[in-house]
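S.K.: Please read through the structure below; I'll follow up with questions.
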Amino acid sequence: MPESYDPHELLGLTPAAGEDEIRRAFRRKAKSVHPDVSDAPDAAEEFKRLKDAHDLLIERQHHPLAAPPEAGEDLYRPAREVTEEDRESIINAFRRRRESEERRKSRRRSAVKGQARRAERQNDAFQEEMARRRAAFESRQREESQREQEERLRAEREQQRAADETERRRVEELRRQEQEALARVKRERETRERAKRSRPIDDSPLECAWKGCRVSDDLAVAVDTALGPRRFCRAHYDEYLEFRRSKQRQASAR
């Protein structure tokens, strides 16, 4: 005959505990002694005693005694006797439950490992995709940079071509103006030559043509100037010839 037990002491309660306290105490104790979570060899028996104590105290809450128990009265309910056949059946049931739990844990571990491998493959695929996108982005950046450089070089060449064309036109315009000036000078010279040939040399003024000098006696022979035939005094005749030769040298130097 199994020995009796105190249900209040087993659940850690006082005799004045209510139904809610009994249920909370049972749930708290069951979390540690249930055969599914405890590896103790007597876990099933301990849980059965805990369940019996819970049922007994709940029954007393719904069906209290008509009078308080007398001193020395045994209020304990002994556990039910178990035969050898029932014991073997219970042990086999626990063993099957233990094996089922081990298989469930093994499947859970396999599922966790499979999930970890899938996560690792997804991470590898994500890294490869990011590397591919990074390479594509860098390639686009290089192409855009090269295209911008080519456009900049093309614009610089266009600007240089426009500047060369403007310089060429300016040089041509200067050359044309110079040719026109030379032609105008040539025409003026020819006009003066024709005027000199058509006018006698003696028509020149009878005074010195040097600037500021108006000497009228002792004049040299008349010479051709830009203003026509002019006479110079003996003092300024040589200076005019030297001045004329320097002008001719400057004209030939240009």
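S.K.: Return yes or no: is E138 part of a helix (DSSP H, G or I), among the charged types (D, E, K, R) and at pLDDT below 90?
M.R.: No: the conditions fail for E138.
S.K.: Based on what the data block shows, is S204 modelled with pLDDT under 75, under 29 Å from A251 (Cα atoms), open to solvent by 80 Å² or more (accessible area, probe 1.4 Å) and among the polar types (S, T, N, Q)?
M.R.: Spelling it out, it is not the case that S204 is modelled with pLDDT under 75, under 29 Å from A251 (Cα atoms), open to solvent by 80 Å² or more (accessible area, probe 1.4 Å) and among the polar types (S, T, N, Q).
S.K.: Looking at the range 170-185, which of its residues are open to solvent by less than 100 Å² (accessible area, probe 1.4 Å) and among the hydrophobic types (A, V, I, L, M, F, W, C)?
M.R.: Answer for the range 170-185, where residues must be open to solvent by less than 100 Å² (accessible area, probe 1.4 Å) and among the hydrophobic types (A, V, I, L, M, F, W, C): V171, L174, A181, A183, V185.
Let's see how each residue does on (1) at pLDDT 90 or above; (2) open to solvent by less than 100 Å² (accessible area, probe 1.4 Å); (3) assigned to a helix (DSSP H, G or I):
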site	(1), (2), (3)
S100	no, yes, yes
Q115	no, no, yes
Q122	yes, no, yes
F126	yes, no, yes
R152	yes, no, yes
Q160	yes, no, yes
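S.K.: Any idea which of (1) farther than 26 Å from E21 by Cβ; (2) modelled with pLDDT under 80; (3) not hydrophobic (A, V, I, L, M, F, W, C) is the one S89 doesn't satisfy?
M.R.: (2)
S.K.: Out of the residues in the range 214-249 meeting the condition of being open to solvent by less than 100 Å² (accessible area, probe 1.4 Å) and among the polar types (S, T, N, Q), tell me which one is farthest from the chain's Cα centre (by Cα).
M.R.: Filtering the range 214-249 for residues that are open to solvent by less than 100 Å² (accessible area, probe 1.4 Å) and among the polar types (S, T, N, Q), the one farthest from the chain's Cα centre (by Cα) comes out as S216.
S.K.: Pairs, please: C-beta under 7 Å, at least 6 apart or cross-chain, first residue closer than 19 Å to L206 by Cα and without any contact (Cβ under 8 Å) to a residue 24 or more places away in the chain and in the range 227-250, second open to solvent by 40 Å² or more (accessible area, probe 1.4 Å) and not in a strand (DSSP E or B)?
M.R.: R234/D218
S.K.: Do we have any residue at all in the range 166-179 that's farther than 30 Å from A251 by Cα, among the aliphatic types (A, V, I, L, M), part of a helix (DSSP H, G or I) and at pLDDT 90 or above?
M.R.: no
The values are calculated or read from the model by the stated rules, or taken from the named source; none is laboratory data. Quick caveat, the model's predicted, so the values are computed rather than measured. FYI the Cβ positions are ideal-geometry reconstructions off the backbone, even for glycines, and counts take in every protein chain you see. The accessibility values were calculated without ligands, DNA or RNA, using every heavy atom of the protein model including side chains. Shrake-Rupley method; radii C 1.70, N 1.55, O 1.52, S 1.80 Å.
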